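Here's the structure, in structure tokens; my notes come after.
The values are calculated or read from the model by the stated rules, or taken from the named source; none is laboratory data. Here the structure is a predicted model, which means the values were calculated and not measured. Positions of Cβ are backbone-derived with ideal geometry, glycine not excepted, and every protein chain shown enters the neighbour counts. SASA here: full protein model, heavy atoms, side chains in, ligands and nucleic acids out. Shrake-Rupley method; radii C 1.70, N 1.55, O 1.52, S 1.80 Å.
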Amino acid sequence: MNQSRLAKWDSNCLDTYILLPLDYGFVNNRDCFFISHFWRTRSHPDPEGIDMSLFRDDLRDQQWSYVWIDWTCLPQAPRSKEEDRYFRKMLRSIPLLVQDCGFGWRFPTFEARAWVLFEVATFLLNHKPPFPITDDLETFFIHVNEMVRDGVQPTLKKHGYQCTNQSDLSLVTGWMEILVILFKTVPNVRDRQEIIDAIYAPVAGSLKHFGLNLEIDKSAGTITIDGTIHKFTPIYQLTRETSEQQPPNSALQPPLPGSLVKIAEIDKAIAATDSLASGIDSDIQADFDYLSGPWGCEELLVLDKAALSELLYKVLQDDQTAGLRSRSMDTHKGDKQHPPYVQLNSIGKTFRPYRITKRQDGRLVLYGHEALYRAKRALDRAKNPSVTPSTADLITELIDIGSELQGRVRSIGSMLNDAGGMMLMQQVHKAIRDRLGVSRARELEYAWDGVGDWL
């Protein structure tokens with residue numbers, strides 16, 4: 001920030017950049033600032049350094065470590081093949097930056113720039129009020145409210161919003177339609193942020209959030225909430241580039257807690273139970289007893305297909321968040337040692353198995369790694385949000401879920417803050433440190449950053 005003008009991206013100076021993972025705890029609103037601004041000319045956004053001086057004044061009294069601004073942090077035209085590839089990937093990551101960073105802006109005059117409107121809308125609709133509505137932000141603030149009231153496309157058309165690169169307009173329109181739909185249907189800000197994180201992950205296919213009864217199809221452009229379908233301009237189409245890197249239904253980064261990318265192995269496993277032979281109930285119990293020690297099984301779960309699918313989706317997604325990104329399915333016809341079963345396995349540095357058997361009465365039974373029972377408790381909590389948990393319950397949940405589900409850990413921090421403020425949060429932090437050690441306590445500190453008065 002010492003230069004007189006914004007520095008242009010230069011591939012020969014990459015050793016002067018700091019590369020941060022685009023993930024919570026690294027990109028945050030305490031250390032990182034996203035700067036929204038107009039381009040005064042096509043050849044340079046701020047040729048005379050006017051905005052640069054204002055940015056410097058804005059940040060002088062702020063505590064910050066990193067600043068992201070497009071002219072400096074994105075490869076500019078003309079771009080090499082690798083630079084263009086990086087540019088397109090980062091372009092789709094801008095929503096996450098705007099959401100998770102501190103937000104700074106300078107707009108010398110009002111111009112109907114769709115990118116700027118989107119950045120302002122993300123700031124306003126995905127954070128808690130009050131907001132500092134400055135003179136240069138006021139018109140955009142009015143138009144964001146119009147989008148919520150009248151719809152995104154009518155507002156864009158009414159005020160003549162455009163993008164310098166017109167091919168960006170449909171992408172930005174879809175993003176803003178998603179923001180508005182979620183703002184109107186999901187009241188909790190943290191839930192909206194977690195859903196947005198999942199949507200903007202470069203993943204094809206559908207996502208589900210069982211706690212909110214919500215399903216998103218990114219390629220079709222639909223959000224279904226409690227059976228009501230809301231449509232948005234599709235923001236994701238499977239391209240040759242993405243298909244070469246990942247299978248269509250694979251996650252390149254962990255989606256939100258409680259949400260799901262479609263997992264083909266689960267559908268296959270559920271289908272395989274149709275031809276699964278019934279086992280003898282005492283053999284199933286014996287198999288469970290034998291595996292309880294090494295797997296940490298807690299109980300035999302008797303489930304119908306819908307509940308079985310829901311729980312398997314939850315636990316396998318939790319496993320993926322924990323780094324177990326490979327899966328396999330096994331079938332066994334049964335022998336003297338084992339009943340007939342279908343088994344799903346999450347595989348990474350460790351191994352987590354989940355076994356399905358069928359009782360003599362035809363009902364399906366699920367048991368497996370201890371993560372299965374953590375997932376079940378999380379689903380039960382999501383389905384009964386009106387039951388206020390005690391502090392002891394929340395400590396138990398923090399121990400159960402570990403650091404795998406940052407969004408839920410943060411939500412627990414908010415609940416503790418509402419119940420007893422900073423003092424109660426410190427008491428729970430001490431309890432986790434005493435039980436699980438300094439490392440887990442530090443993970444809690446990162447997750448709770450910005451919650452209430454937590455420092």
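A few comments on the model shown:
- Scanning the range 44-53 turns up no residue that is within 21 Å of Trp175 (Cα to Cα) and in contact (Cβ under 8 Å) with a residue 40 or more places away in the chain.
- Residue list for the range 45-56, filter: modelled with pLDDT of 90 or more and under 18 Å from Gln76 (Cα atoms): Pro47
- Selected residue (criterion: modelled with the lowest pLDDT) from residues of the range 359-399 that are farther than 25 Å from Ser346 by Cβ and hydrophobic (A, V, I, L, M, F, W, C): Val387
- Test: residue in the range 146-163 that is part of a helix (DSSP H, G or I), polar (S, T, N, Q) and more than 30 Å from Asp226 (Cβ to Cβ): no
- Selection from the range 400-414 of residues that are modelled with pLDDT under 80 and β-branched (Val, Ile, Thr): Ile401
- Scanning the range 119-177 for residues that are open to solvent by less than 60 Å² (accessible area, probe 1.4 Å) and of a type in the set (Asp, Glu) yields Glu119, Asp136, Glu146, Asp168, Glu177.
- Scanning the range 270-285 finds one or more residues that are buried (at least 16 other Cβ atoms within 10 Å of the Cβ), under 29 Å from the mean Cα position of the chain (by Cα) and either under 21 Å from Glu215 (Cβ atoms) or touching a residue at least 60 places away in the same chain (Cβ under 8 Å) (or both).
- Listed conditions (1) open to solvent by 50 Å² or more (accessible area, probe 1.4 Å); (2) over 31 Å from the mean Cα position of the chain (by Cα) are all met by Gly49, apart from (1).
- Asp418 meets the stated requirement of being open to solvent by 80 Å² or more (accessible area, probe 1.4 Å) and under 24 Å from His127 (Cβ atoms).
- Restricting the range 97-112 to residues that are open to solvent by 60 Å² or more (accessible area, probe 1.4 Å) and modelled with pLDDT of 85 or more, the residue that is farthest from Ser11 (Cα to Cα) is Phe110.
- Filter result for Phe26 (more than 19 Å from Asp136 (Cβ to Cβ) and free of Cβ contacts under 8 Å to residues at least 12 places away in the same chain): yes
- Some residue of the range 1-8 being open to solvent by 60 Å² or more (accessible area, probe 1.4 Å) and touching a Leu at 6+ places or on another chain (Cβ under 8 Å): yes
- The number of residues in the range 363-377 that are open to solvent by less than 40 Å² (accessible area, probe 1.4 Å) and either in contact with a Lys or Arg (Cβ under 7 Å, 6 or more places away or on another chain) or farther than 21 Å from Ile399 by Cβ (or both) comes to 8.
- Any hit, the range 304-322, residues being more than 25 Å from Ala198 (Cβ to Cβ), open to solvent by less than 70 Å² (accessible area, probe 1.4 Å), without any contact (Cβ under 8 Å) to a residue 60 or more places away in the chain and in contact with a strand residue (DSSP E or B) (Cβ under 7 Å, 6 or more places away or on another chain): no
- Taken together, the criteria exclude Ile94 from residues that are farther than 27 Å from Trp9 by Cβ and either at pLDDT 85 or above or β-branched (Val, Ile, Thr) (or both).
- Count of residues meeting criterion [over 16 Å from Ile178 (Cα atoms) and assigned to a helix (DSSP H, G or I)] in the range 117-142: 8
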